[in-house]
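A.B. asks: Take a look at the following structure, please.
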There are 2 protein chains.
Amino acid sequence: MLVNIITVGDELLIGQVIDTNSAWIARELNLIGGRLGSRISVGDTHADIMRALDRAVWDADVVLITGGLGPTRDDITKKALADFLGDGFVFSQETYSRIETLMTKLGRPVSEGHRQQCLMPQSAVLLTNNMGTAPGMWMESNGRILIAMPGVPYEMQDIMTHEVLPRLAKRFPLPELLHHTFHTAGEAETVIADKLEAFEDALPEGFKLAYLPGIGQVRVRLSGRDVSRVEFEAKLNELEVLLGHWIYGSNGDTLAASLGRLLQQRGLKMATAESCTGGHIAHLVTTEPGASAHFLGGVVAYSNALKTQLLGVSESTLAAHGAVSEETVLDMVRGVQQLTGAKAALAISGIAGPDGGSEEKPVGTIWLAVAVGEHTRTHKLQLFRDRLKNIQYSSVFVLELLRREILKNSDSR
Amino acid sequence: MLVNIITVGDELLIGQVIDTNSAWIARELNLIGGRLGSRISVGDTHADIMRALDRAVWDADVVLITGGLGPTRDDITKKALADFLGDGFVFSQETYSRIETLMTKLGRPVSEGHRQQCLMPQSAVLLTNNMGTAPGMWMESNGRILIAMPGVPYEMQDIMTHEVLPRLAKRFPLPELLHHTFHTAGEAETVIADKLEAFEDALPEGFKLAYLPGIGQVRVRLSGRDVSRVEFEAKLNELEVLLGHWIYGSNGDTLAASLGRLLQQRGLKMATAESCTGGHIAHLVTTEPGASAHFLGGVVAYSNALKTQLLGVSESTLAAHGAVSEETVLDMVRGVQQLTGAKAALAISGIAGPDGGSEEKPVGTIWLAVAVGEHTRTHKLQLFRDRLKNIQYSSVFVLELLRREILKNSDSR
């Protein structure tokens, strides 16, 4: 089942809105074995919608149209659809009753716009919208299925979940598509690819391996089409063994969530001492729900005075080695352990850029330290010229370093 | 100039990644008078890419291809492009030297995958990638321009900004489009729209007003097509007067950068005391280059113990009013002023969710305090059920509150 999407509305054409609908739809289709082909974005004009319909039906089994079903005058998707199908309009009393009930509940009058919303192409089967006024529509034309839905994400998702996906799954019984994604951090894509080269070469027909790189992270996805679940699990195990402790999680997991689970399993609390990352590491940790169970807090010691005063970095260390040095991050990590009482801690100090570098310590020089109880480990990164990228990359790297250090010192509770 | 996009990579087809690239590209194209037509998403297979190229060149002046230029073998965009153009491959010594330099700096070996990255379609003009190893490519075929770039957003943006957009603007000289965007924070879109209603109604032919809402922020863009610069400036002044002190910046400015400039003008240093935002505010402040000139540092006091110990929040305050209260954030903001010596400071404590709410203080209850010297101001927000959105919204809101408080107390240095 190949599906094309048409999005209607100026807001996507000029980049005012990010299209999250397509990713959601793709994910859901994928689960029933469908595949997203093209997405065509058009503005709110009759001719553009007609042309998009012409193109979209060309190679797809199903065309999903989102947007342009609202009560304002720029929403003309329905008129274009009726013309495309050679259909007239009928008034849907059922839709009118639903809108009337809803408006009464909200204490608002039923408007002329609402009345317009009840006019439907004759041949359309209406799809219930539990989240708004405009129903979805299911139409067929020359063996193609056309489905129109509002563009508002939660309305679209409601109609897809309860109406569209069950109908499509019934209409297109499909070969099973299996996939699993492992998440790694701290290793380069090329290093991972080298490690997996023989494995990938030996993959049987129907299997596919893909690398999805992010900043400081690489996700590795194995997928299998028309392969048995047993066969798939066997290959997946092989892959898991090869990647070993590089794997911090699976299928949408975040590094911070994975680290959080590990800390809770080991009964450890953590704290952060940040200079160049300026709070980004604490932010990553606390974005996860329930972080307060393992995160005590942190210090953003941007000035040297705060490094000394709060974290106990000695002035002689700063004078002899500078703020960006192994000695300083070791003092910082010890300092934040003492300050907060956390057994697990990390510290970071570097030159994020774009200015502030020197011959000896160019922009992108970043020192990290992690501590688990008595054990400490330090690492030096030599990164990029880009400030934000340096912040993001080093944040991920030091979280991964802490995760590995906890795994190494499993008796450190 | 009509532009079609082809995204290559299974990750978009199965919805693993949300396509933020298209919105960014649409916005940038729009600024030079271009328009986004269709986006076709295809997997990493030769035949699909070829078919997408066939379709994309059909009605576009320019086809942008993103993704599939990495060093791993699933990246086959380049092969398909060469075949589409009827091109052979040449080895780019320049690209190899750049990769070699980069890898040496990172202390990593140059791999066979990197070598593959240096093979380029013969007729391609290479576009410098300052953020990664794979360069962009500019090709022409039957009067169409084909441009291939990596799919990693910051690499794509770098190549677009420095190479692609300037070349396109030169190739497609367009009717002069004037535009200016004012950035506001802390006021709702409907409040701003009410204020601007009469102004918008009275705009002459050729002018357009657009609202670009973000989390806690609204950008207001005035654009004029085929209008004189004098006329445009006059309307822009009107708009600026109407928006008044709501405006913190213009044209891509960030709130943190604007606040930073204000602090430096007034000779003030700032510090942060965060609970529920967990370091996000410090992160926003320190993402700006040169932040060390006005930001001393901050405390992420996630646990109550740290609030007491580091920020001097009294245990009786916590017991009587709770951690999420006006009294606590006032103590926190005073505490962080004292701890760091910063005259300007902010503090925040709330229930970010998704759990932890109560009848009296539901999820989304967030208390803020700002201080400029002796002057303090507090504010209570009642926000959403979504954790990340609460963190982002309240971070922006409190930064704006501090900016306004500094403006109000201009004699506070």
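The values are calculated or read from the model by the stated rules, or taken from the named source; none is laboratory data. Since the structure is predicted, the reported quantities are computational estimates derived from the model, not experimental observations. Counting neighbours? That spans all protein chains shown, and the Cβs are built from the backbone with ideal geometry, glycine included. Ligands, DNA and RNA are stripped out before the accessible areas are found, and what is left, the full protein with its side chains, is counted by its heavy atoms. Shrake-Rupley method; radii C 1.70, N 1.55, O 1.52, S 1.80 Å.
A.B. asks: What number of residues within the stretch A:271-286 satisfy the criterion of being assigned to a loop (DSSP other than H, G, I, E, B) and either on the phi < 0 side of the Ramachandran plot or among the polar types (S, T, N, Q) (or both)?
C.D. replies: 3
A.B. asks: Looking at B:Leu399, B:Leu407 in this structure, which one is under 18 Å from B:Arg261 (Cα atoms), out of contact with any strand residue (DSSP E or B) (no Cβ under 7 Å at 6 or more places or on another chain) and either surrounded by fewer than 16 Cβ atoms within 10 Å (Cβ to Cβ) or of a type outside the set (A, V, I, L, M) (or both)?
C.D. replies: Sole residue among the options that is under 18 Å from B:Arg261 (Cα atoms), out of contact with any strand residue (DSSP E or B) (no Cβ under 7 Å at 6 or more places or on another chain) and either surrounded by fewer than 16 Cβ atoms within 10 Å (Cβ to Cβ) or of a type outside the set (A, V, I, L, M) (or both): B:Leu407.
A.B. asks: Taking strands (runs of 3 or more DSSP E) that do not extend beyond the stretch B:1-111, which have at least 2 residues that are modelled with pLDDT under 90, within 30 Å of the chain's Cα centre (by Cα) and within 9 Å of chain A (Cβ to nearest Cβ)?
C.D. replies: It comes to B:35-42.
A.B. asks: Related question: Which members of the stretch B:352-373 meet the condition of being open to solvent by 20 Å² or more (accessible area, probe 1.4 Å) and modelled with pLDDT of 95 or more?
C.D. replies: B:Trp367 - this is the single residue of the stretch B:352-373 that is open to solvent by 20 Å² or more (accessible area, probe 1.4 Å) and modelled with pLDDT of 95 or more.
A.B. asks: If I filter the stretch A:345-365 for residues that are among the β-branched types (Val, Ile, Thr), in contact with a helix residue (DSSP H, G or I) (Cβ under 7 Å, 6 or more places away or on another chain) and part of a strand (DSSP E or B), do I get at least one hit?
C.D. replies: Checked the stretch A:345-365: at least one residue is among the β-branched types (Val, Ile, Thr), in contact with a helix residue (DSSP H, G or I) (Cβ under 7 Å, 6 or more places away or on another chain) and part of a strand (DSSP E or B).
A.B. asks: Please state which one of A:Arg403, A:Arg377 is closer than 23 Å to B:His283 by Cβ and either part of a loop (DSSP other than H, G, I, E, B) or away from every other protein chain (no Cβ under 14 Å) (or both).
C.D. replies: A:Arg403
A.B. asks: Tell me, which strands (runs of 3 or more DSSP E) lie completely within the stretch A:171-270 with 3 or more residues that are surrounded by 15 or more Cβ atoms within 10 Å (Cβ to Cβ) and within 13 Å of chain B (Cβ to nearest Cβ)?
C.D. replies: A:177-185, A:207-214, A:217-225
A.B. asks: Is it fair to say B:Ile159 is within 19 Å of the chain's Cα centre (by Cα) and modelled with pLDDT of 95 or more?
C.D. replies: yes
A.B. asks: Looking at (1) within 7 Å of chain B (Cβ to nearest Cβ); (2) surrounded by 22 or more Cβ atoms within 10 Å (Cβ to Cβ); (3) not in a strand (DSSP E or B), which one does A:Pro289 not meet, given that it meets all the others?
C.D. replies: (2)
A.B. asks: Given B:Pro166, B:Pro121, which one is out of contact with any Ser or Thr (no Cβ under 8 Å at 6 or more places or on another chain), away from chain A (no Cβ under 14 Å) and farther than 30 Å from A:Gly364 by Cα?
C.D. replies: Just one listed residue meets the conditions, B:Pro121.
A.B. asks: If you don't mind, there's one more thing I want to ask. Those residues that are in contact (Cβ under 8 Å) with a residue 40 or more places away in the chain, open to solvent by 80 Å² or more (accessible area, probe 1.4 Å) and more than 28 Å from A:Lys208 (Cα to Cα), I need them from the stretch B:73-125; list them, please.
C.D. replies: Matches in the stretch B:73-125: B:Gln122 only.
A.B. asks: Inside the stretch A:342-366, can you point out the residues that are within 14 Å of another protein chain (Cβ to nearest Cβ) and of a type in the set (S, T, N, Q)?
C.D. replies: Across the stretch A:342-366, the qualifying residues are A:Ser349, A:Thr365.
A.B. asks: Here's another thing I want to ask about it. Consider the stretch A:305-341. How many of its residues are open to solvent by less than 10 Å² (accessible area, probe 1.4 Å), part of a helix (DSSP H, G or I) and away from chain B (no Cβ under 14 Å)?
C.D. replies: Of the residues in the stretch A:305-341, 3 are open to solvent by less than 10 Å² (accessible area, probe 1.4 Å), part of a helix (DSSP H, G or I) and away from chain B (no Cβ under 14 Å).
A.B. asks: State yes or no: is A:Ala369 away from chain B (no Cβ under 11 Å) and farther than 20 Å from A:Leu263 by Cα?
C.D. replies: When the stated conditions are applied, A:Ala369 does not pass them.
A.B. asks: Still on this structure, I have one more. In the stretch A:1-30, which residue that is farther than 18 Å from B:Asn4 by Cβ and free of Cβ contacts under 8 Å to residues at least 12 places away in the same chain is surrounded by the fewest Cβ atoms within 10 Å (Cβ to Cβ)?
C.D. replies: Within the stretch A:1-30, the match that is surrounded by the fewest Cβ atoms within 10 Å (Cβ to Cβ) is A:Arg27.
A.B. asks: Continuing with this model, one more query. Out of A:Tyr393, A:Tyr302, which single residue is within 14 Å of chain B (Cβ to nearest Cβ), of a type outside the set (A, V, I, L, M, F, W, C), in contact with a strand residue (DSSP E or B) (Cβ under 7 Å, 6 or more places away or on another chain) and open to solvent by 10 Å² or more (accessible area, probe 1.4 Å)?
C.D. replies: Going through A:Tyr393, A:Tyr302 in turn, just one is within 14 Å of chain B (Cβ to nearest Cβ), of a type outside the set (A, V, I, L, M, F, W, C), in contact with a strand residue (DSSP E or B) (Cβ under 7 Å, 6 or more places away or on another chain) and open to solvent by 10 Å² or more (accessible area, probe 1.4 Å): A:Tyr302.
A.B. asks: Of the residues in the stretch A:126-150, how many are open to solvent by less than 10 Å² (accessible area, probe 1.4 Å) and among the β-branched types (Val, Ile, Thr)?
C.D. replies: Matching residues across the stretch A:126-150 total 2.
A.B. asks: On the basis of being open to solvent by 60 Å² or more (accessible area, probe 1.4 Å) and at pLDDT below 90, does B:Arg377 make the cut?
C.D. replies: no
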